[in-house]
Amino acid sequence: MVEMATRDAYGKALVELGERDKNICVLTADLAESTRTAKFEAKFPERHFDIGIEEANMIGIAAGLASCGKITFASTFAVFAPGRCYDQIRIAVAYSNKDVKIVSTHGGITVGEDGASHQACEDIALMRVLPNMRVVVPADAIETEKVIKEIAYIPGPFYVRLGRPRVPVIFSETYDFELGKGKVLRKGKDVAIIACGIMVSKAIEASDILHKRGVEATVVNMSTIKPLDVNLLNDLGGVVKGFVTAEEHSIYGGLGEAVAGVISENICKPVKRVGMMDVFGESGTAQELLIKYGLTADNIVKKALEIVV
Amino acid sequence: MVKLGRDIAHLEEMAKEVRKDIVEMTYLAHSGHPGGSLSSVEILVSLYFSELNQSPETVDSPDRDRFVLSKGHITPAFYSVLSHAGYIPHEELKQFRRVNSRLQGHPASTKLKGIEVSTGSLGQGLSVAIGIALAGKIDKRDYRVYCLVGDGEMEEGQIWEAIMFAGNRHLNNLILFLDYNGLQIDGEVAKINDIAPVISKFEAFKWHTFEINGHSFDQIFKAIDEAKRYPDNPTAIIAHTVKGKGISFMENAYEWHGKAPNEEQYKQAMKELNANG
Ligand SMILES: Cc1ncc(C[n+]2csc(CCOP(=O)(O)OP(=O)(O)O)c2C)c(N)n1
Ligand SMILES: [Mg+2]
């Protein structure tokens, strides 16, 4: 299977946007290489600003640029934005409804060896609760490119969460991203697996395993966590026995709770969450950590079986 | 616990051992931060083998001197020094950055005694050091707090909030080392967002300052001795250093901030370290 890091797709998309549109500005906080904004910097140095190790300052500057009609992307690691500049995001970006796209790389535990200090497992929760903020977690490189090009021209604040490692490319070039719409990748009547980010490919894997055991699973790529595709969830709720959510994030405040919130308001069916169980990660290879913390196809299968049997 | 006092020859020997560990640890882990580890070696060795009134036996004592590693990414240097000082078995350095290890990529205070606070998000350590200094004042304990900050890290706003507060509160039990190696991740500090002039900035915030060669044990000790004589204010020791110090191809090369040597580079680095002295 072809693999590509979502941050690489981001760098590529930024350059294409920059070529077409002089209004695009890009900011980073001493992480141009790691976040891949360096690709944009190489072509459009006058519209790229490496602020220094100053995340709070970066977000304020982004809001100022946006006030003057610039479409502004701001990138650092997901622990640092939102982590290191949350109030700046809340007031200058979300509350002010500015056209700032915060695209953070190195989300989740697949950051690996750097350890818990660098593994954002709470960023989706922090961003989801801000009014005006839209939250997108693309599943692969293809979707990332489409997301970046699409949200550039949807006014207002966005948070896009990308990853560090190379991950399987699961979509083809014809894949269409539509903000606020979940994509049904597999159809099955027994259980629905709602996943985002790297867990989408694991959800597909899980559905294959379940199929061999006679359980038919629907798999949804819920890359838009906010606004959530409530209609799709309600429709599925009328069919399946229950839901399994899967995300590289705390089970608190992320996709899992968002889905559970919708389902509990409308349909009483179980929602089982796969995610970080209210613990910090640690150093290790991405693969080791995914297994240790249960972010696996097997764990999704286990939760699905709890629902259907 | 090994203390080497001010025996410069022995301290230099120790610095060399630490540099070898840094190369070995990053090589084995296939990751980690050699550049800023190598620039801080003499500062850390001076503290742990001479200045710091702390040992594995007194690591829980309320009267111990404290050290806060604000530039948390230099765990190769930090863990190596802690191992030679008896806090962790030297053999354990091989576990650096591995799953289930105490030796996290960035210092985790819940995993290892001797780490005052978890760091890794830059700009936070000095504030914690100030809290420790204030507690010493409240409790009338005469320990000192040392804090090591990077020059890129100085760009963080929180650092300047902390500097302003410490100066205003006359925290004479606080000594800051600035590892002024001139480089951050994306290149030169002077080009990205220059922090110069630092001496006049610290002085404007009511700190005492020293400017030294951060690889000279003599100058480090002289600055610490002088700092202890000042009754009123915190001290900033501006240590001019070389990022990647001791390994020809890593010196002054920002690319070596957070990159592990491959096998060939590892061998070359070890050869250079073994040849010198
Ligand atoms: C708040 C925060 N932003 C970004 C980073 C990523 N980062 C790790 S090290 C580093 C550069 C540090 O430069 P400097 O302080 O000069 O350290 P040194 O040169 O001594 O290694 C950056 C930006 C971080 N660890 N914390
Ligand atoms: Mg530096």
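The values are calculated or read from the model by the stated rules, or taken from the named source; none is laboratory data. Just so we're clear, the structure is a prediction, and the values are computed from it rather than from any experiment. Every residue, glycine as well, gets a Cβ built from its backbone with ideal geometry; the counts of neighbours run over all protein chains shown. Heads up: the accessible areas ignore ligands, DNA and RNA and are worked out on the full protein's heavy atoms, side chains in. Shrake-Rupley method; radii C 1.70, N 1.55, O 1.52, S 1.80 Å.
Numbers at a glance
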item: Per residue accessible area in Å² of segment B:50-131, where ligands, DNA and RNA are left out and the probe is 1.4 Å; result: 33 Å²
item: By accessible area with a 1.4 Å probe, ligands and nucleic acids excluded, highest first: order of B:Trp160, B:Trp207; result: B:Trp160, B:Trp207
item: Crossing angle, helix B:217-229 versus chain B [Cα axis fit, 0-90 degrees, rounded to tens]; result: 20 degrees
item: Per residue solvent-accessible surface (Å²) - segment A:12-166, probe of 1.4 Å; result: 32 Å²
item: Prolate/oblate/rounded call for segment A:3-168, Cα gyration tensor, a/c under 1.5 rounded; result: rounded
item: Over 21 Å (Cα to Cα) - which of B:Lys16/B:Lys113; B:Lys16/B:Lys228; B:Lys20/B:Lys267; B:Lys113/B:Lys140; B:Lys245/B:Lys271; B:Lys71/B:Lys271 fall in this group; result: B:Lys16/B:Lys113; B:Lys16/B:Lys228; B:Lys113/B:Lys140; B:Lys71/B:Lys271
item: Peptide B:188-194 - average C-beta neighbours from other chains (10 Å radius); result: 3
item: Cβ neighbours within 10 Å from other chains - mean over B:26-33; result: 2
item: Antiparallel DSSP beta bridges within segment A:3-168, percent to nearest 5; result: 15 percent
item: Volume in Å³ per residue [convex hull over Cα atoms, computed for chain B]; result: 113 Å³
item: Area of B:Tyr87 that stays accessible when all protein chains are in place (1.4 Å probe, Å², to 10); result: 30 Å²
item: DSSP-loop chymotrypsin sites (Phe, Trp or Tyr not before Pro) across segment A:89-169, with at most 10 other Cβ within 10 angstrom; result: A:Tyr153
item: Whole-percent carbon and sulfur share, accessible surface of the protein assembly as shown, 1.4 Å; result: 51 percent
item: Eligible aspartates and glutamates near B:Lys206 by straight Cα distance, threshold 18 Å, same-chain separation 8 or greater; result: B:Glu161, B:Glu226, B:Asp232
item: MRE, 222 nm, helices only [DSSP H, n ≥ 4, -39500 (n - 2.57), over chain A, to nearest 500]; result: -10000 deg cm²/dmol
item: Where Rh is the Kirkwood radius over Cα pairs, Rg/Rh for the protein assembly as shown; result: 1.01
item: By average C-beta atoms within 10 angstrom, highest first, the peptides B:65-76, B:96-107; result: B:65-76, B:96-107
item: Listed residues B:Asp7, B:Asp179, A:Asp50 arranged by accessible area, highest first, probe 1.4 Å; result: B:Asp7, A:Asp50, B:Asp179
item: All-pairs Cα distance distribution in segment B:1-81, expressed in whole percent, bin size 5 Å; result: 3, 16, 25, 22, 19, 11, 4, 0
item: At 1.567 mPa s and 4 °C, Stokes diffusion of segment A:1-66 via Kirkwood alpha-carbon radius, µm² per second; result: 105 µm²/s
item: Normalised alpha carbon radius of gyration of chain A [divisor 2.2 N^0.38 Å]; result: 0.96
item: Interface B:A - total buried accessible surface [probe 1.4 Å, Å², rounded to 100]; result: 1900 Å²
item: Exposure rank, largest accessible area first [B:Asp151, A:Asp176, A:Asp21; 1.4 Å]; result: A:Asp176, A:Asp21, B:Asp151
item: 0 to 90° range, to nearest 10: angle between helix B:75-84 axis and chain B longest Cα axis; result: 90 degrees
